[in-house]
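All remarks here apply to the structure that follows.
The values are calculated or read from the model by the stated rules, or taken from the named source; none is laboratory data. Just so we're clear, the structure is a prediction, and the values are computed from it rather than from any experiment. Glycine gets a Cβ as well: all are built from the backbone with ideal geometry, and neighbour counts include every protein chain shown.
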Amino acid sequence: DTEVTQTPKHLVMGMTNKKSLKCEQHMGHRAMYWYKQKAKKPPELMFVYSYEKLSINESVPSRFSPECPNSSLLNLHLHALQPEDSALYLCASSQGPSANTEAFFGQGTRLTVV
Amino acid sequence: QKEVEQDPGPLSVPEGAIVSLNCTYSNSAFQYFMWYRQYSRKGPELLMYTYSSGNKEDGRFTAQVDKSSKYISLFIRDSQPSDSATYLCAMSRLSGGSYIPTFGRGTSLIVHP
């Protein structure tokens with residue numbers, strides 16, 4: 001099983017809303033990632049969690065707030081977003097720094113901010 | 001200069017052709033190399049993963065890595081219209097305790113019947 005599950009698949013939110021994106025994997029992976037992808041562009045790294053601790057924040061605005069409640073779950077809390085934040089948000093996981101490092105991606109949440 | 005360079009295409013080929021996709025990179029710290037296929041509005045799907053120079057084959061796909069030249073390739077044999085997608089190369093280096101995939105911009109491949 002190499003599945004990373006993201007919910008919801010689509011999300012439309014207003015600029016004053018608060019919403020959350022969810023990601024789940026049951027592969028025992030200890031590294032989890034959030035990426036943002038705009039149309040016709042490669043995925044851009046936002047956050048990395050390693051062993052449930054935030055290890056990398058790529059200078060992401062505070063309106064994006066990640067959370068890793070346990071080793072299988074990763075959330076991205078959204079608040080006061082801007083229309084330019086509309087994008088495909090991708091979650092990925094890999095075994096971790098001491099083992100095989102190929103990253104598996106979910107299908108993404110397509111976010112539209114209105 | 002970007003860390004990972006990849007020609008965006010589009011690359012248009014007839015069904016049955018051999019497709020060659022390439023990336024170059026500048027950072028010697030990259031240790032692991034991956035190829036992903038991404039259909040429109042979907043997440044990237046891992047196709048190939050390798051960590052050493054040389055060739056790795058899986059079905060119709062062959063990944064090639066030349067660390068001395070900082071050059072990687074993906075070959076697709078007997079290409080099919082269903083192979084039409086964007087192909088992203090990615091490579092990982094250790095940063096902050098985790099291996100971080102860095103992506104090329106992707107090559108759009110069109111296989112026409």
How many of the residues making up the range A:10-58 are more than 10 Å from chain B (Cβ to nearest Cβ), outside any strand (DSSP E or B) and either under 17 Å from residue A:95 (Cα atoms) or in contact with a Ser or Thr (Cβ under 9 Å, 6 or more places away or on another chain) (or both)?
6
Could you tell me how many of the residues in the range A:70-92 are over 10 Å from the mean Cα position of the chain (by Cα) and either over 11 Å from residue A:36 (Cα atoms) or assigned to a loop (DSSP other than H, G, I, E, B) (or both)?
12
Here is a list of conditions, (1) closer than 22 Å to residue B:39 by Cα; (2) under 11 Å from the mean Cα position of the chain (by Cα), and residue A:67 meets all of them except one; can you say which number that is?
(1)
So in the range B:1-46, with the set limited to residues that are of a type in the set (A, V, I, L, M, F, W, C), part of a loop (DSSP other than H, G, I, E, B) and in contact with a strand residue (DSSP E or B) (Cβ under 7 Å, 6 or more places away or on another chain), which one is nearest to residue A:89 (Cα to Cα)?
B:30
If you take the residues in the range B:24-46 that are at the interface with chain A (Cβ under 10 Å from one of its Cβ atoms) and aliphatic (A, V, I, L, M), which one is surrounded by the fewest Cβ atoms within 10 Å (Cβ to Cβ)?
B:46
Can you name the residue in the range B:79-96 that is surrounded by 15 or more Cβ atoms within 10 Å (Cβ to Cβ) and facing another protein chain (nearest Cβ under 8 Å) and is also nearest to the chain's Cα centre (by Cα) among such residues?
B:88
Residue among B:101, B:14, B:10 that is buried (at least 18 other Cβ atoms within 10 Å of the Cβ) and either away from every other protein chain (no Cβ under 14 Å) or on the phi < 0 side of the Ramachandran plot (or both):
B:101
Among A:87, A:92, A:103, A:80, which is the only one that is touching a residue at least 40 places away in the same chain (Cβ under 8 Å) and surrounded by fewer than 18 Cβ atoms within 10 Å (Cβ to Cβ)?
A:80
The condition of being in a strand (DSSP E or B) and at pLDDT 95 or above holds, among B:99, B:49, B:87, only for B:87
